[in-house]
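One structure below.
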Amino acid sequence: MSITFQTTHEWQEARWNQAETVYNEAFPEAGRKSRAIIKRMFERGIAMLHTWHENGDVIAMALSSVNKQAKVLVIDYIAVRQDHRRRGLGRRCIADIRAWASMEAGCKAIVIEVEAEDTPVNRERIQFWQRVGFHLTAYVHPYIWVPETYRAMYLNLDEDELLTDDGKKLFTYITNYHERAYRGKL
């Protein structure tokens, strides 16, 4: 079976309907952005939807945003459909996003946030990101709007323009993205 990868900068109702199933399965309601916020992010030009398809069905999805000034891709959400997990698809998704970010979006790095609380689930997530090349920063970031704390992880894409490992600095990119998503700052 052949898996295809697509990225769109535009809101596409039919594609989101398929991706939303994977999104809702992977993230609890309290931990995800609403459909209305995501649609508004596309209308404002601050979001991209990455999808992986098999036989016409979305089997994985990711939401991201490019900070053009910093040349950094911020991955907000990434999920593999439950019945396709533990088969290497997550690694494939990161490889596809990495290539896209470097070649299509001109990014020098990718940044994500992970929950900082030391739990088995969080350790497993961090280990996945480390296996695909990401580096964990030491800085623990508290948000005022959620009770959890987070840490930044990053992956350099350009050896000539290395991103700093200063987690506090990396959170400026992540926080800027969240502020634009929720408050609409462009």
Note to self: Tell me the net charge near S2. Cut-off is 13 Å between Cβ atoms, S2 excluded, with +1 for each Lys or Arg and -1 for each Asp or Glu.
What the structure shows: -1
Next item on the list: Towards the positive end of the charge dipole of the chain, with charges on Cβ (+1 Lys, Arg; -1 Asp, Glu), say which of A36, G133, L155 has the farthest Cα.
Entry: A36
Check: How much of the accessible area of the chain, in percent, comes from carbon and sulfur atoms when a 1.4 Å probe is used?
Finding: 47
Next item on the list: Can you give me the three principal axis dimensions of the chain from its C-alpha atoms, in Å, biggest first?
Entry: 42, 36, 35
Note to self: Looking at the chain as a GNM with Cα springs under 10 Å, which of A95, A79, A60 has the largest mean-square fluctuation?
What the structure shows: A95
Notebook entry, point to check: Any idea what the relative contact order of the chain is, in percent, if you count C-alpha pairs under 8 Å spaced at least 6 apart?
Noted result: 18
Margin query: In 5 Å bins starting at zero, report the fraction of Cα pairs in region 1-107 per bin as a rounded %.
Written below: 2, 12, 24, 26, 20, 12, 3, 0
Next item on the list: Averaged over every viewing direction, what's the projected area of the C-alpha convex hull for region 43-96? Give it in nm², one decimal, please.
Entry: 4.6
Check: In the chain, which whole DSSP H runs stretch at least 15 Å along their own axis (Cα) and average 0.0 or higher on the Kyte-Doolittle scale?
Finding: 89-103
Check: Over what distance in Å are the Cα centres of region 2-16 and region 130-186 separated?
Finding: 25
Next item on the list: Send over a whole-number figure in Å² for the accessible area per residue of the chain, probe 1.4 Å.
Entry: 53
Note to self: Please give the charge dipole size of the chain, origin at the Cα centre, charges +1 on K and R Cβ atoms and -1 on D and E Cβ atoms. Round to the nearest 20 debye.
What the structure shows: 200
Margin query: Out of all DSSP beta bridges in region 1-112, what portion is antiparallel? Express it as a percent rounded to 5.
Written below: 90
Note to self: Within 10 Å of each candidate Cβ there may be at most 16 other Cβ atoms; applying that plus a DSSP loop requirement, which GluC sites (Glu not before Pro) in region 89-186 survive?
What the structure shows: E104, E117, E148, E159, E161
Next item on the list: Can you quote the Å³ per residue value for the convex hull of the Cα atoms in region 76-131, rounded to an integer?
Entry: 98
Note to self: Over the chain, with a Gaussian network built from C-alpha contacts below 10 Å, which listed residue (R98, R86, R151) shows the highest mean-square fluctuation?
What the structure shows: R86
Margin query: Once the convex hull of the alpha carbons of region 1-41 is built, what does its volume come to per residue, in cubic angstrom?
Written below: 89
Checklist line | region 104-186: equivalent-ellipsoid semi-axes (sqrt of 5 x gyration tensor eigenvalues, Cα, Å) | finding: 20, 19, 11
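The values are calculated or read from the model by the stated rules, or taken from the named source; none is laboratory data. If you're wondering where the values come from, they're calculated on a predicted model, not measured in any experiment. When we count neighbours, we look across all protein chains shown, and the Cβ atoms used for this are built from the backbone with ideal geometry, even at glycine. In case anyone asks, the SASA skips ligands and DNA or RNA and just uses the protein heavy atoms, side chains included. Shrake-Rupley method; radii C 1.70, N 1.55, O 1.52, S 1.80 Å.
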